[in-house]
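Below is one structure; the comments refer to it alone.
The values are calculated or read from the model by the stated rules, or taken from the named source; none is laboratory data. Given the structure is predicted, the values throughout are model-derived calculations rather than measurements. Every residue, glycine among them, receives a Cβ derived from its backbone with ideal geometry; neighbour counts consider all protein chains shown. Note: accessible area is taken over every heavy atom of the protein model, side chains too, but ligands, DNA and RNA are not part of it. Shrake-Rupley method; radii C 1.70, N 1.55, O 1.52, S 1.80 Å.
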Amino acid sequence: QVQLVESGGGLVQAGGSLRLSCAASGVTFSSWTMGWFRQAPGKERDFVGRISWSRGSTLYADSAKGRFTISRENAKNTGYLQMNSLKPEDTGVYYCAVRPTAWGRRPNDFDFWGQGTQVTVSS
């Protein structure tokens, strides 16, 4: 049973930083991907970025490039989303998700989801 537990959300002023964590348990796939998504009120869940757990390679949405960094710590089976230079439009609920195979960037590509953590960026 895959479980994902997120933490690290909060309220931050524009230009500030936050680091989200996603602790994964029960993941036994040989080549899997952790994705990060954001959902603003009344909007669809948008892709932020992903990391290949075995290779550590990453892919980012255009809105995240240069500001956000995804990493992972194998010993803790935990992924991180470091967000810098935050903007009010980054506000939303952030979700981590697991895809049992490589790649994927649509919500439907991912099978397991965390509970989400709220990030609010004030102007």
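Express in Å², to the nearest 10, the accessible area of VAL5 obtained by rolling a 1.4 Å probe over the protein heavy atoms while all chains stay in place.
Its accessible surface works out to 90 Å², give or take rounding.
What is the local net charge at ARG99, summed over the other residues whose Cβ is closer than 15 Å to its Cβ (Lys, Arg +1; Asp, Glu -1)? All intermediate terms of the calculation are to be shown ahead of the outcome.
Working: positive: ARG45, ARG50, ARG55, ARG72, ARG105, ARG106; negative: ASP109, ASP111.
Value of the local net charge: +4.
What order do LEU18, LEU11, LEU59 take when sorted by accessible area (1.4 Å probe), most exposed first? Provide the component values of the computation, followed by the final result.
Working: LEU18 30, LEU11 130, LEU59 55 Å².
The ordering from most to least exposed comes out as LEU11, LEU59, LEU18.
Residues with beta-carbon under 11 Å from that of ASP90, excluding ASP90: net charge, scoring Lys, Arg +1 and Asp, Glu -1?
My count for the surroundings of ASP90 gives +1.
Starting from the residue with the highest accessible area, list GLU6, GLU89 in decreasing order, probe 1.4 Å.
Per-residue accessible area, sorted high to low, gives GLU89, GLU6.
With a 1.4 Å probe and every protein chain kept in, tell me what percent of the accessible surface of the chain is carbon plus sulfur. If you can, show how the numbers build up before the last one.
Details: 2860 of 6240 Å².
Accessible surface attributable to carbon and sulfur in the chain totals 46 percent.
Can you tally the net charge around GLY49? Count Lys and Arg as +1, Asp and Glu as -1, for every other residue whose Cβ sits under 11 Å from the Cβ of GLY49.
So the environment of GLY49 carries a net charge of +3.
Could you state how much accessible area ARG67 has, in square angstrom rounded to the nearest 10, with a 1.4 Å probe and all protein chains kept in place?
30
How do SER57, SER21, SER123 stack up against each other in accessible area, from largest to smallest, with a 1.4 angstrom probe?
On the way: SER57 50, SER21 25, SER123 135 Å².
Descending accessible area places them as SER123, SER57, SER21.
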